[in-house]
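Okay, structure first, notes after.
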Protein chains: 2
Amino acid sequence: MAVKKNQENVGILKKLPVSNKVCTFGSNVKKIGEEDPRKLIHSIKVGLAIALVSLFYYFEPLFNYEGFGVSSMWAVLTVVVVFEFSVGATLGKSVNRGIATFLAGSLGVAAHKLATFSGSNKLQPIILGLSVFSVASIATFMRFVPKLKARYDYGLLIFILTFSMISVSGYRDHVVLDKAITRVTTILIGGAAAIVFNVVIYPVWAGEDLHNLIATYIEDLGISLEGHGTQYFKKLNIKSEEELERISLEEYKCVINSKATEENLVNFAKWEPRHGKFKYRHPWEEYLKIGNLVRKCANSINALNSDLSSCNMTQEGRKKIQEPCTKICIECGSALKEIALSMKTMTLYPTIDSYILKAKASAEKLRSIIRSGGLIEEDELQKLLPTTRIASLMLDLV
Amino acid sequence: MAVKKNQENVGILKKLPVSNKVCTFGSNVKKIGEEDPRKLIHSIKVGLAIALVSLFYYFEPLFNYEGFGVSSMWAVLTVVVVFEFSVGATLGKSVNRGIATFLAGSLGVAAHKLATFSGSNKLQPIILGLSVFSVASIATFMRFVPKLKARYDYGLLIFILTFSMISVSGYRDHVVLDKAITRVTTILIGGAAAIVFNVVIYPVWAGEDLHNLIATYIEDLGISLEGHGTQYFKKLNIKSEEELERISLEEYKCVINSKATEENLVNFAKWEPRHGKFKYRHPWEEYLKIGNLVRKCANSINALNSDLSSCNMTQEGRKKIQEPCTKICIECGSALKEIALSMKTMTLYPTIDSYILKAKASAEKLRSIIRSGGLIEEDELQKLLPTTRIASLMLDLV
């Protein structure tokens, strides 16, 4: 009995970490839903679209047993594979899939015709094998070309898939043609269903996401800069509060590694039609340039931040530069926040220029302080401190 | 006649830009093949695998018409979809696809049984529709959980696909079970073919790629640092040569936006078995930490680089710090290059420590120069210059 009870205890003990894991997983999932309810809505949309399309094909053989038959599964498959989070991604995948299936289908039928035309039974598999090999190899290599990869990667994959399946299906001529036609039709139906569900019910536009993302990044930079202005330069000795409000200083950090996200959104946005405030040929590429500038700016703030937290300023030194530094930070921060707001509302605020003029004036003041303060050897210091920082970083690295 | 000739001329003129585009596209493609011949080999491998698998299924109905029949296309489909560039990615996708198909197949058969068990013809589509809807919604939402997305995204997609296709196939009971079994078998055959071709013919290991990538990054940093040492601090006034050899100074730039690449490789590497110098449970996560440190270091070099190119040092100031700065750069650069070499050869070089000790000694020297030079107000400068840089960056931004 004692042994058994012991085993039970062990069982409970063993279960505990698992149930803990389940709990943290559950709370993680809940957090995702709360942070972005669009993800929850998207999941329901996908479920609805798949259920309706598959039920349509469930009923279809009851009415007309000849119908699409087995090919019907391609419609369900298309909905599942093509239904993405944003409208742009869904449209891109659908168009890729549709065009690639059509092209590969025609080419596959042609290859099949050519092989049967040769007459000889021995030549046929050789011709087919060679054509599948060469088409698959060339298309796979094309997928490495960066420009094609960004926009047509999925299409090339589907092209290989459809071509090899159609050309080597081992059926007689007219069946192959029929097969190709039904495949294209069912894929069109599936793609259309995915697009309709995606656009009609609470659409998520990649272009709008991109626009808001960049605006938020600029705002984050503004908040960080303002934080630096008030934290480091104004209040001199409040250490504990500094620690408390550190969060607002590090807003910029999410910007540094955002390049991949931005590039994806631009690729999706290019597929999207006119929506909201954006025209069809909105210059999406420009957002990448702004993103790069924002990242550069975030890196500068990062350098400033690590300098500020690693060195101890003397009281008098701090006093000298305090006023213009605070002003630069706050004015630039306000300008950035204003730019973000004007991006979000898509109206130009005339006050932005005045902030920048003020910041420029403060920068000029700062420069004159440096010059007048007799700090001739400023340049050396600049060299020294980053270098020692690098040296210590390298030591960390080893 | 004149009109016709004119039209021909226009035709030629119109063709020119197109043929130009084709030419640049062709040279681009050639460059990709020359830069990484493994991409060419990969394309040929894919072509070979697909051609062989599809020919196998082309011959199969000739021997035994009952065989796998239409399901055979799933083998071709699996090869096309699962065959990725590295072994890890291929294994990950195959395992995901296999397990997801098996689980979803069993669950689909169960749902189908449940629906037919209900007896009533009206209840059946409701039960099936609800089950497809709920499974698809939940699985789609799971795809947003970052941990699941990294490793099991493809599996979840296939799970939704297989479940909806099996449970709503509109066939009688035993056919559904048969269908599920043949699907799993053909997918296993396709997956196995993809894995065998990928591993046997010139395999590309994601783990090895990751290891070499990080080593190359460290080497690049070393080269950049050494370049800074010889360029900026030793030769004082050679401006034109500086411009010429700028390239070696900017080696570090490719490191800054490499986070996404590294994360992908780590995810793939985790799927790989023991290969070459790497054991099965090689601590791949550690590479991400090294990658982050390398990126931090690259950002520091970036800051140093932009400071160096934007400011003009005075001759005397430069002379004062020249010797220790050169030494720090060269010693740290050598240490980094040695670390990269020891990573590549996987042997520890004892000389690394000596480089670091020398660099540390030089850093100490530099610090004493700063102190002795009466540069008390060093800290301020640090504050000023990044801030003015930020201010000017912001002005660029507007």
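The values are calculated or read from the model by the stated rules, or taken from the named source; none is laboratory data. Quick caveat, the model's predicted, so the values are computed rather than measured. In this analysis, Cβ positions are derived from the backbone assuming ideal geometry, glycine residues included, and neighbour counts consider all displayed protein chains. We work out accessible area using only protein heavy atoms, side chains counted, and drop any ligands, DNA or RNA first. Shrake-Rupley method; radii C 1.70, N 1.55, O 1.52, S 1.80 Å.
Values as computed for the structure displayed
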| quantity | calculated |
| --- | --- |
| Residue-averaged beta-carbon neighbours from other chains (10 angstrom radius) around A:124-137 | 5 |
| Cross-link pairs A:Lys337/B:Lys327; A:Lys113/B:Lys113; B:Lys149/B:Lys360; A:Lys30/A:Lys93 - those with Cα-Cα distance over 32 Å | A:Lys337/B:Lys327; A:Lys113/B:Lys113; B:Lys149/B:Lys360 |
| Reduced Cα scattering model of segment B:100-221, Debye log10 I(q)/I(0), q = 0.14, 0.22, 0.23 Å⁻¹ | -0.74, -1.18, -1.22 |
| Share of carbon and sulfur in the accessible heavy-atom surface of segment B:321-366 [1.4 Å probe, %] | 65 percent |
| Partner chain coverage, peptide B:39-50 - average Cβ within 10 angstrom | 6 |
| Nitroxide proxy distance, nm - points 7 Å out along Cα→Cβ at A:Lys30 and A:Val200 | 3.5 nm |
| Gain on full stretching of the segment that runs from B:Glu286 to B:Ile44 - 0.36 nm per residue minus C-alpha separation | 83.7 nm |
| R0 of 35 Å, Cβ-Cβ distance A:Thr351-A:Ala150: FRET efficiency to nearest 0.05 | 0.35 |
| 1.4 Å probe, heavy atoms, protein only - residues of segment A:76-93 losing at least 20 Å² accessible area vs chain alone | A:Val76, A:Leu77, A:Val80, A:Val81 |
| Average accessible area per residue (Å²) across segment B:83-228 - probe 1.4 Å, nucleic acids and ligands excluded | 40 Å² |
| Two-site FRET efficiency, A:Glu364 against A:Leu293, from Cβ-Cβ distance with R₀ of 30 Å, rounded to 0.05 | 0.85 |
| Shielding by partners, peptide B:331-338 (average Cβ within 10 angstrom, other chains) | 2 |
| Summed side-chain charge close to A:Thr140 - residues other than A:Thr140 whose Cβ falls under 13 Å, Lys, Arg +1, Asp, Glu -1 | +3 |
| Summed buried accessible surface, chains A and B, 1.4 Å probe, nearest 100 Å² | 10300 Å² |
| Peptides ranked, highest mean first, by Cβ atoms within 10 Å: ranges B:268-277, B:88-97 | B:88-97, B:268-277 |
